[in-house]
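Student: This is the structure, below, for whatever I ask next.
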Amino acid sequence: RAERHTVYGDFRGAQLAACVGAHVGAGRPGFFPHTVWGVYDSVRVGGTDVDELDVVGGFLADDGVPVGFLSGEAALVESARRRYPWIVGVPIEKDEAANTGPGREPLWAGQRERLRAGAERAARSTATMRPVEPPRPYRFEVVHRNEKVAARRAALWGLDREGPRIAWERPTFPEAFEVFLRLTFFTPRTYPWQRTILALLGAMNRFRYVP
């Protein structure tokens with residue numbers, strides 16, 4: 001087995017995973033489209049455009065853990081229902097005006113109830129859930145929004161690059177995804193501090209976006 005990423009951990013034995021508050025993938029129309037981080041115009045695996053559900057689900061699939069619940073932008077929930085019909089999907093309103101206007105309290109209350117009911121429905125349906133298998137081969141191709149940054153990041157990690165496009169392939173999905181995380185968030189010098197850095201990024205986003 002590949003070494004487990006220290007932040008995502010080892011999920012063997014879990015019955016179900018949930019992806020909450022997800023966005024549409026990089027390069028697609030929607031509210032703040034991105035795949036894990038907003039520095040790429042596209043992220044592809046095995047020649048197929050992927051979103052956060054695909055890459056996080058692919059990581060979990062290596063442990064045999066199904067994604068059974070998804071909440072997020074309506075377009076992503078609808079796409080997930082077509083690709084992974086066992087997933088219980090709950091769309092949530094991403095529009096800034098709706099979430100800051102006078103009707104936001106009833107909106108949030110309704111969404112909380114739909115999220116609760118959807119999560120309960122997913123928990124009762126674990127027998128029908130299947131892991132989200134990522135496309136093969138496990139070859140990532142990302143197109144960075146800044147070609148100079150792409151050149152610098154690819155050189156740091158010894159990855160193939162052509163213009164803003166960076167590519168790599170690994171024998172297992174966790175190994176390939178680990179390279180994606182290194183490329184996106186770290187340098188060789190900061191990588192040993194990965195757990196602390198990702199925890200701080202998560203805390204920063206909660207401080208910025210939670211009222």
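The values are calculated or read from the model by the stated rules, or taken from the named source; none is laboratory data. Keep in mind the model is a prediction, meaning the values are calculated, not measured. Neighbour counts are summed over all protein chains in view; Cβ atoms, including those assigned to glycine, are modelled from backbone coordinates with ideal geometry. All accessible areas refer to the heavy atoms of the entire protein, side chains included, with ligands and DNA or RNA removed. Shrake-Rupley method; radii C 1.70, N 1.55, O 1.52, S 1.80 Å.
Student: Return the residues of region 68-78 that are out of contact with any Lys or Arg (no Cβ under 7 Å at 6 or more places or on another chain) and touching a residue at least 24 places away in the same chain (Cβ under 8 Å); say none if nothing qualifies. Explain how you work it out, then say what you get.
Tutor: Step one: filter region 68-78 for residues out of contact with any Lys or Arg (no Cβ under 7 Å at 6 or more places or on another chain), giving 68-72, 74-78.
Scanning region 68-78 gives Gly68, Phe69, Leu70, Ser71, Gly72, Ala75, Leu76.
Student: If Tyr84 passes every condition in (1) hydroxyl-bearing (Ser, Thr, Tyr); (2) surrounded by fewer than 21 Cβ atoms within 10 Å (Cβ to Cβ); (3) closer than 22 Å to Glu120 by Cβ but one, which one does it miss?
Tutor: (2)
Student: Hey, could you check region 45-61 for residues that are more than 26 Å from Arg12 (Cα to Cα) and not hydroxyl-bearing (Ser, Thr, Tyr) and say which is surrounded by the most Cβ atoms within 10 Å (Cβ to Cβ)? Steps first, answer last, please.
Tutor: Step one: of region 45-61, the residues more than 26 Å from Arg12 (Cα to Cα) are 47-49.
Add one more test, that the residue is not hydroxyl-bearing (Ser, Thr, Tyr), and what stays is 47, 49.
On the way: Gly47: 10, Asp49: 16.
So the residue we want is Asp49.
Student: Are any residues in region 62-81 open to solvent by less than 50 Å² (accessible area, probe 1.4 Å) and of a type in the set (Gly, Ala, Ser), and if so, which ones?
Tutor: Step one: filter region 62-81 for residues open to solvent by less than 50 Å² (accessible area, probe 1.4 Å), giving 63-73, 76-77, 79-80.
Residues satisfying the conditions are Gly64, Gly68, Ser71, Gly72, Ser79, Ala80.
Student: Cβ-Cβ distance below 8 Å, separation of 6 or more or different chains: which pairs start in region 119-146 with a residue that is under 17 Å from Arg161 (Cα atoms) and end on one that is polar (S, T, N, Q) and in a strand (DSSP E or B)?
Tutor: Glu141/Ser42; Val142/Ser42; Val143/Ser42
Student: In region 148-159, which residue that is open to solvent by 40 Å² or more (accessible area, probe 1.4 Å) and hydrophobic (A, V, I, L, M, F, W, C) is farthest from Glu178 (Cα to Cα)?
Tutor: Ala155
Student: Sort out which residues of region 17-66 are touching a Pro at 6+ places or on another chain (Cβ under 8 Å), under 21 Å from Arg112 (Cα atoms) and outside any strand (DSSP E or B), and write them in order of number. Spell out the reasoning first.
Tutor: So in region 17-66, the residues touching a Pro at 6+ places or on another chain (Cβ under 8 Å) come out as 17, 23-27, 41, 45-48, 50, 54-55, 57-62, 64-66.
Checking the rest, the ones that are also under 21 Å from Arg112 (Cα atoms) come to 17, 23-24.
Across region 17-66, the qualifying residues are His23, Val24.
Student: Further question: Might you check whether a residue that is part of a helix (DSSP H, G or I) and touching a Pro at 6+ places or on another chain (Cβ under 6 Å) occurs anywhere in region 67-74?
Tutor: Of region 67-74, the ones part of a helix (DSSP H, G or I) are 74.
From what's left, touching a Pro at 6+ places or on another chain (Cβ under 6 Å): 74.
Yes; the residues of region 67-74 include at least one that is part of a helix (DSSP H, G or I) and touching a Pro at 6+ places or on another chain (Cβ under 6 Å).
Student: Further question: Inside region 119-147, can you point out the residues that are open to solvent by 90 Å² or more (accessible area, probe 1.4 Å) and in contact with a helix residue (DSSP H, G or I) (Cβ under 7 Å, 6 or more places away or on another chain)?
Tutor: If the condition is that a residue be open to solvent by 90 Å² or more (accessible area, probe 1.4 Å) and in contact with a helix residue (DSSP H, G or I) (Cβ under 7 Å, 6 or more places away or on another chain), then Glu133 is the only one that fits.
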